[in-house]
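Participant: Here it is: the structure, laid out below.
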Amino acid sequence: MGALYTIDWIIVGLYFLLIAFLAWLAIKQGQKTSTDYFLAGRHLGWFIVGASIFSSNIGSEHLVGLAGSGATDGVAMAHYELHAWCLLVLAWVMVPFYMRAKVFTMPEFLEKRFSPESRTFLSVISLVAYILTKIAVGIFAGGVVFSVLLPDIHFLGLDSFWIGSILVIVITGIYTILGGLRAVAYTEAVQTIILILGGVLVTIFGLKALGGWSELRSIAGSEMFNLWKPLVPEGVKSTWEPVKEAGRMAWYFNDNYPWLGMLFCAPVVGLWYWCTDQYIVQRALGAKDEREARRGAITASFFKLSPVFIFIIPGIIAFALAKSGKILAFQQEFFGPAGELIRDNAQKAFPLLVAHVLPVGVRGIVVAGLLAALMSSLSGVFNASSTLFTMDFYTKINPKASQQQLVWVGRLATTVMVLIGLAWIPVIRGGKGLYDYLQGVQAYLAPPIFVVFFLGVFMKRLNGKGCLAALITGFILGIFRLAVDTPVKLIKGFSYPEGSFWWIINNIYFQYYSIFIFIICILVMIVVSYLTAPPDYEKIQGLTYGTRTIEDKKRSRASWGTGDVIASLILLSAIVWAYLYFRG
């Protein structure tokens, strides 16, 4: 196992000093009001917005999970990264409505568009989602990175996994709690640069250790580079078909990414995440104006393409190193005695590359990048969680609270969310893979939120009762599936009797179940809305395409130029190129 030498530790130390300095600058500017603390005073420029969006997204699930997925399934999960086009939807479709509404949170936008009840319910769903995904996953990934890089550390009965998890929380929590979104955004802008640099170095030195790109494709095989044919069970002729078993049709897959799910489910999850999730959109809400918010989202879309090359490709490199036996440590970690691939150990792909492939000095830069991703991911969700709790719950309980009280409640909320996240880690450790776990939970929780936001913007006739009915229905269906799945993940050796109702629910492929929730939510929202009174169109002026004024249209048109359009077209062209190149 490669060790961190003095020069590496010096580089890591310089990284922490830089982060501390940026956080100090943000704190020095003061957090006198809730707007200062939660939205950085609405003064963020386009580059800070874009880099912050990307850095918040590219966190633990990519460092550990996406690289691990690359090692086991090749470029299959690149579909999610190529959803960078979703950020163009945020830039061109949703940003104008959010900026006109001048809201702190996404649930607050739903209140203005639909009803107070919709706001409260979405806040609950969002907080649950953050506990189940971003917070717990971030903590877990921090532990995985430390357990690989510093495996021999033990303290008070805790191994390096738990020590690493706790350290990441404490360090990140300090500057997030004190500095608010301004500290988060400033540090994330620098962390984006360090993260991309670190990922590029891992790819370069990994290819060098393997023997180059052609050697990688030769050892890994063409299927690892095929986006058009996701892995399917043996005997299935087409990725559009369900599994055929014993003469009957069973709509479920195991460890695969069928086209049907990728085509219909993945975009729903992507648009929910990039266009309606508080965790991401809060950065755009902190922009100076609509122009800066739009350009920030477009900038983030370019950054978003990089994970394919700085995480997925390194994962494939780690698999090739293990398969070829060029580095014995990889072979021992990835393959069992019978030559079978150990999927759980593949989660260590990226930190293993750092430990075994990188030279002294460079290793310190990449470790700093690892820490940057872990910390930026957690700091973003800490701030988003505290904003949701404070602005959507506490202000309802104590409407006369002072600005200072709101800031302190937000800080307290962060601490509580972390403790809950820690308790959920054992469930994640029982799953198939970190990135797969994350995509599964998001697929269950995303459809109702996507439906109410996008249908709400495009169809002015839909009302608060339809919105609330869709949110409740979708949330119940999603939580039901999570409740069915959890015992299988948490209890070793547990399984439902084959053919039983619970077994069928547990084995329905998660993307197919997500599509089911999506369709049901659309039907519920439209039917309930049209069976009840229409909304007051004056109250939702400017919040739907059908209720925009001439002034609204003129302001939006004045906020973008030819350069913004050209940049968006370049991004779309790059995505098309990636799909054409990765054909196996």
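Participant: For each of Glu188, Glu108, count neighbouring Cβ atoms within 10 Å of the residue's Cβ, then give the residues from fewest to most.
Facilitator: Glu108, Glu188
Participant: Shape of segment 341-410 from its Cα gyration tensor (a ≥ b ≥ c, root eigenvalues): rounded if a/c is under 1.5, otherwise prolate when a/b > b/c, or oblate?
Facilitator: Oblate shape, in that a/c is at least 1.5 and b/c is the bigger or equal ratio.
Participant: I would also like to ask the following. Under a plain spin-label model, where a point goes 7 Å from the Cα along Cα-to-Cβ, how far apart in nm are Leu523 and Leu482?
Facilitator: 2.4
Participant: List Thr532, Thr547 from most exposed to least, where exposure is judged by having the fewest other Cβ atoms within 10 Å.
Facilitator: Thr532, Thr547
Participant: Just grab the label-to-label distance for Lys288 and Thr532, each label 7 Å out from Cα along the Cβ direction, in nm (one decimal).
Facilitator: Placing both labels 7 Å beyond Cα along the Cβ direction yields 4.2 nm.
Participant: Take Asp392, Asp552 and order them by how many other Cβ atoms sit within 10 Å, fewest up front.
Facilitator: Exposure proxy ranking, most exposed first: Asp552, Asp392.
Participant: I would also like to ask the following. How high is the FRET efficiency between Ala338 and Lys400 when r is their beta carbon distance and R₀ equals 56 Å, given to the nearest 0.05?
Facilitator: My answer for the efficiency is 0.25.
Participant: Obtain the nm distance between the two label points defined at Ile174 and Glu551 by a simple spin-label model: each point lies 7 Å from its Cα along the Cα-to-C-beta direction.
Facilitator: With each label point 7 Å from Cα toward Cβ, the separation is 4.9 nm.
Participant: Filter the cross-link list Lys400/Lys465; Lys134/Lys492; Lys323/Lys489; Lys288/Lys539; Lys396/Lys460; Lys208/Lys492 down to pairs whose alpha-carbon distance in this structure exceeds 31 Å.
Facilitator: Violating the 31 Å limit, Cα to Cα: Lys208/Lys492.
Read-outs throughout are calculated quantities, based only on the coordinates presented, and are distinct from any laboratory measurement. Since the model is a prediction, treat every value here as computed from it, not as a measurement. Virtual Cβ from ideal backbone geometry, glycine too; neighbours counted across all protein chains shown.
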